[in-house]
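Quick notes on the structure that follows.
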Amino acid sequence: MKALVTGATGFLGSHIAERLVQRGDSVRALVRQSSDTRLLREWGVEPVNGDVTQPDSLTAAMRGIEAVYHAAAMVSEWDPWRDFQTVTIDGTRNVLQAAAAAGAPRFLHVSTDGVYSLQALKGRITEESPLEKRFGWGDYYRRSKSAAENIAREYAAEGKIGVTIVRPGLLLGERDRAIFPGVLRFLTSSVSTYLGRGDNRLPYVYAGDVAQACLAGATDDRSIGQIYNVVSDERVTQKSLFETVAEATGQRPPKRKLPLRLAYALGMLFEAWCVFARRRKVRPELTRFAVILFAYDYREDASKLRRELGWEPKVPLKEAIGRCVRWHREHEKRPAGR
């Protein structure tokens, strides 16, 4: 199959490209001119210059493509809204339009479990659980991903292209430049603590396992028009995540516990200080998004994906953290630019 991957130089996109190559597909990657494509070239991926924010640049990349894997998005909790609007929302619309115009039969859209309402976390989360309608100030990542998913759902409903949507949980694995480094920074910061009691469940899933779910979703006709949660069935808590990262990196796990409401208020305080001090480019030590991500109790159900597409997660948390550590240590030794 001839596949196009957006966001292939990023975290999940690189795992999708790698799995496609391993399966024997012909893989093309949409990359900006400034992107480092050496790893993709080593795998045999064909880089094509283009940008999801520039519709005219997508035409050539779409020629002859049978399946589009759209993983490109703003993955951040502390950037201006205009960047989320341009990359995540407008970019998704641009890629869908180009794919439909080129006659590509399949489109795999990578969404997130962040589209669910925080109220839904009080019960078991299935694909039918309520979605968030009212996003708080600065909740740009969840808001933009929700809007992007709505665009993909519109295309699916109109039958313009065969769309499948996946909603991954908390991703970990090689080439992760967000979650694992963020946890490590937090554990070594002055505010290192458990957010709440620490026994809340987290929707962990290994990035390579998510990539495998994406491949299944883009090739099985039963998945057209469907949405799937992608999460491991391993019981992972905030405490077990922090302790596993601490053990693997030689750090100490937190000794303190911060009440959940106080943690949320503290995150807001850190954010407000950065805004009012005109330090938007300085990352706060704690944010409300981090509190939502790590302190809330997630009971997500991926049984639909298992039942309909036969997907099974393979990599447990401890092994995923080990892979993160090994990749980051190797990466730090590479020449600048890698």
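Residue count for the range 150-178, restricted to those that are basic (Lys, Arg), under 22 Å from Gly10 (Cα atoms) and part of a loop (DSSP other than H, G, I, E, B): 2.
With respect to Asp139, is the statement that it is surrounded by fewer than 21 Cβ atoms within 10 Å (Cβ to Cβ), at pLDDT 95 or above and in contact with a helix residue (DSSP H, G or I) (Cβ under 8 Å, 6 or more places away or on another chain) true? Criteria not met by Asp139. Screening the candidates Arg278, Arg307 for the property of being exposed (fewer than 13 other Cβ atoms within 10 Å of the Cβ) and modelled with pLDDT under 95 yields one hit, Arg278. Only a single criterion out of (1) touching a strand residue (DSSP E or B) at 6+ places or on another chain (Cβ under 8 Å); (2) among the small types (Gly, Ala, Ser); (3) more than 25 Å from Asp25 (Cβ to Cβ) is not satisfied by Gly182, namely (1). Restricting the search to helices (runs of 4 or more DSSP H) fully inside the range 38-123 and requiring at least 1 residues that are within 24 Å of Gly159 (Cα to Cα) and modelled with pLDDT of 95 or more gives 59-62, 91-102.
Among residues of the range 208-226 being surrounded by fewer than 23 Cβ atoms within 10 Å (Cβ to Cβ) and among the β-branched types (Val, Ile, Thr), the one that is farthest from Val166 (Cα to Cα) is Thr219.
Condition check for Val191 on (1) at pLDDT below 95; (2) surrounded by 18 or more Cβ atoms within 10 Å (Cβ to Cβ): one failure, at (2). The residue that is nearest to Tyr296 (Cα to Cα), among those in the range 127-137 that are within 18 Å of the chain's Cα centre (by Cα) and part of a loop (DSSP other than H, G, I, E, B), is Glu132. Scanning the range 256-278 for residues that are part of a loop (DSSP other than H, G, I, E, B) and either touching a helix residue (DSSP H, G or I) at 6+ places or on another chain (Cβ under 6 Å) or touching a residue at least 12 places away in the same chain (Cβ under 8 Å) (or both) gives Arg256, Pro259. Residue count for the range 222-252, restricted to those that are farther than 23 Å from Gly208 by Cβ and β-branched (Val, Ile, Thr): 1. For the range 212-236, a tally of residues being within 19 Å of the chain's Cα centre (by Cα) and over 21 Å from Tyr116 (Cα atoms) returns 4.
The values are calculated or read from the model by the stated rules, or taken from the named source; none is laboratory data. These numbers come from a predicted model, not from an experiment. Every residue, glycine among them, receives a Cβ derived from its backbone with ideal geometry; neighbour counts consider all protein chains shown.
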